[in-house]
Amino acid sequence: MKRIDFTNTQVASSQTARDINRGVVLNLIRRRQPISRADLARVSGLQRSTVSLITEQLIRERWVVHGPIGRLPRGRRPTFLRLNDRRAILVADLRPQQTRVGLADVNGNFLSQETMPTTNDPRATAQGLAARIRRLMEVHPHLLFEGVGISLPGRISEKTQHVIFAPNLGWPDFDLKGAIERATGVRVELENAANACALAEVWFGHTEKIRDFVVVTVSEGIGTGVFLNGQLVRGRTGMAGEFGHVPLDPSGPSCACGGKGCWEVYGSNRAALRYYQESSATQQELSFQDLLALAQSGDALALKALEKMFQAIGRGMRMIVTGLAPEEIVVVGELTRQWRRFGSLIEKEVGMGFLAGRPPRVRPVEGEMARLRGTVALVLQKHFGPSAGAREKEHESSLQGKAIA
Ligand SMILES: [Zn+2]
């Protein structure tokens with residue numbers, strides 16, 4: 001938070017300084033609420049008068065409200081401040097068959113959740129999603145909607161903000177952000193699902209002090225979010241982190257990306273289903289949930305299929321371990337329900353991939369909520385970051401004049 005780079009010789013304008021201080025104070029309230037102004041000044045190192053000015057502004061903007069009155073053994077009773085939980089964030093996690101839509105407050109508590117079908121027609125999916133979002137806004141008229149966060153299994157161009165690579169959705173280049181913003185009038189933040197999970201780890205998770213970790217999301221495909229030196233790694237085109245599409249065997253099965261033998265054709269939910277269908281010669285359409293249920297009931301072929309999947313995940317993870325040397329690898333997905341039985345297969349491979357020192361920790365995180373929390377973090381980080389104030393103004397002027405359908 002207070003990691004300000006003093007080697008950057010650009011002179012900060014007083015506006016920039018105000019924005020940084022605003023971000024620092026807002027973040028402190030978020031992490032330590034309820035908190036008094038005196039404690040804010042003490043922890044931030046800012047002057048009491050500066051803290052008062054900023055908190056007044058945050059109260060005017062309805063980001064912060066007065067919490068309970070504090071009790072001290074003697075003297076004045078301080079007024080505590082906390083985030084305004086009437087500030088709400090609309091979220092969606094797009095997956096190839098199904099999209100989960102939800103509504104959360106600024107603290108990441110979910111007020112509602114629902115699902116809708118995802119189709120391979122991006123326009124139709126955008127329309128359906130915008131209709132759900134508008135309805136949620138209508139039935140919660142007392143809330144202040146901060147933005148829409150959308151995570152999806154694909155990559156987004158930093159320049160155009162279009163979805164440029166989404167093989168498992170089967171979508172062409174599409175302006176999902178623009179379509180939802182025009183239909184709802186609310187700002188939209190798009191992010192790759194694995195990157196969003198990495199942000200959620202930083203905002204809500206246990207990785208606050210970890211500067212190097214990688215999130216691996218295992219679902220219909222395999223995604224990775226790479227967080228190194230305290231920052232999300234995006235690469236020049238926003239495509240960084242596509243380990244799932246590195247071929248492990250160029251003569252392997254075809255992948256949705258057009259290649260062959262990619263890591264994800266061996267380690268994804270779809271791979272486990274393929275293993276099961278091949279070994280049981282069943283024609284039956286199964287979901288990954290069905291496969292997990294079969295494994296739970298002791299079905300030997302389902303267990304074998306999951307074992308192969310876990311092994312393949314571990315083997316591919318060695319690229320990450322050897323190449324990036326993270327402190328921790330967070331695995332997100334429904335597969336983590338079988339972690340107790342098969343997690344050691346991944347840990348073993350990870351241990352073998354490390355060349356010196358201590359191998360990274362591998363931590364499983366249950367799937368759906370982690371992905372949704374990621375979408376909340378996505379919106380919040382735009383408002384709690386150091387230059388959030390400036391970005392807000394910029395966005396207001398960009399939305400003005402845009403037709404709202
Ligand atoms: Zn591929």
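Reported count of residues in the range 46-69, each being assigned to a strand (DSSP E or B), of a type outside the set (A, V, I, L, M) and at pLDDT 90 or above, is 1. The residues on offer are GLN284, GLN289, GLN277, and the sole one that is assigned to a loop (DSSP other than H, G, I, E, B), away from the ligand (no atom under 16 Å from the Cβ) and of a type in the set (S, T, N, Q) is GLN284. Residues that are among the hydrophobic types (A, V, I, L, M, F, W, C) and out of contact with any Lys or Arg (no Cβ under 6 Å at 6 or more places or on another chain) were ranked within the range 142-163; the one that is farthest from THR99 (Cα to Cα) is PHE145.
For the range 237-251, what are the residues that are of a type outside the set (S, T, N, Q), assigned to a loop (DSSP other than H, G, I, E, B) and either within 18 Å of the chain's Cα centre (by Cα) or more than 10 Å from the ligand (Cβ to nearest atom) (or both)? Residues satisfying the conditions are GLY238, MET239, ALA240, GLY241, GLU242, LEU248, ASP249, PRO250.
Return yes or no: is HIS245 within 26 Å of GLU334 (Cα to Cα) and at pLDDT below 95? Considered against the rule, which asks whether it is within 26 Å of GLU334 (Cα to Cα) and at pLDDT below 95, HIS245 comes out as no.
Sub-7 Å Cβ pairs linking a first residue in the range 123-141 that is over 18 Å from GLN113 (Cβ atoms) to a second residue that is modelled with pLDDT of 95 or more and part of a helix (DSSP H, G or I), at least 6 apart or interchain, are ALA126/LEU176; ALA126/ALA179; ALA126/ILE180, ordered by first then second residue. State yes or no: is ALA295 touching a Ser or Thr at 6+ places or on another chain (Cβ under 9 Å) and either part of a helix (DSSP H, G or I) or within 15 Å of SER268 (Cα to Cα) (or both)? For ALA295, the condition - touching a Ser or Thr at 6+ places or on another chain (Cβ under 9 Å) and either part of a helix (DSSP H, G or I) or within 15 Å of SER268 (Cα to Cα) (or both) - is not met.
Of the residues that make up the range 70-90, is at least one in a strand (DSSP E or B) and more than 30 Å from ASP19 (Cα to Cα)? Scanning the range 70-90, I find no residue that is in a strand (DSSP E or B) and more than 30 Å from ASP19 (Cα to Cα), so the answer is no.
Among the residues of the range 237-253, just one is of a type in the set (A, V, I, L, M) and without any contact (Cβ under 8 Å) to a residue 60 or more places away in the chain, namely ALA240. Just one of (1) surrounded by fewer than 19 Cβ atoms within 10 Å (Cβ to Cβ); (2) under 22 Å from the mean Cα position of the chain (by Cα); (3) at pLDDT 95 or above fails for GLU368. It is (3). Total residues in the range 252-267 satisfying the condition of being near the ligand (Cβ under 7 Å from one of its atoms) and either among the charged types (D, E, K, R) or part of a strand (DSSP E or B) (or both): the figure is 2.
The strands (runs of 3 or more DSSP E) located wholly in the range 142-219 that include 3 or more residues which are buried (at least 20 other Cβ atoms within 10 Å of the Cβ) and out of contact with any Phe, Trp or Tyr (no Cβ under 7 Å at 6 or more places or on another chain) occupy 144-152, 188-192, 213-218. When you check VAL265 against the structure, is it in contact with a helix residue (DSSP H, G or I) (Cβ under 9 Å, 6 or more places away or on another chain), under 17 Å from SER151 (Cα atoms) and not acidic (Asp, Glu), yes or no? So VAL265 fails the test.
Conditions tested, residue by residue: (1) among the hydroxyl-bearing types (Ser, Thr, Tyr); (2) at pLDDT below 95.
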position	(1), (2)
ALA272	no, no
GLN284	no, yes
LEU291	no, no
SER297	yes, no
ALA302	no, no
ALA305	no, no
GLU349	no, yes
MET352	no, yes
PRO359	no, yes
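Of the residues ARG337, ARG234, ARG315, ARG270, the single one that is touching a residue at least 24 places away in the same chain (Cβ under 8 Å), charged (D, E, K, R), under 28 Å from LEU190 (Cβ atoms) and in a helix (DSSP H, G or I) is ARG270. Cβ separations smaller than 6 Å between residues 6+ apart or across chains give the following pairs from the range 254-265 residues that are touching a residue at least 60 places away in the same chain (Cβ under 8 Å) to residues that are in a loop (DSSP other than H, G, I, E, B) and within 7 Å of the ligand (Cβ to nearest atom): ALA256/PRO167; CYS257/PRO167. Does GLY221 satisfy the condition of being within 18 Å of the chain's Cα centre (by Cα) and either within 16 Å of the ligand (Cβ to nearest atom) or of a type in the set (S, T, N, Q) (or both)? In short, yes.
GLU328 meets the conditions (1) away from the ligand (no atom under 16 Å from the Cβ); (2) of a type in the set (D, E, K, R); (3) touching a Gly at 6+ places or on another chain (Cβ under 9 Å) in every case but one. The failed one is (3).
The values are calculated or read from the model by the stated rules, or taken from the named source; none is laboratory data. Every value quoted in this text rests on a predicted model; they were computed, and no experiment measured them. Here Cβ is always computed from backbone atoms with ideal geometry, including for glycine, and neighbour counts include all displayed protein chains.
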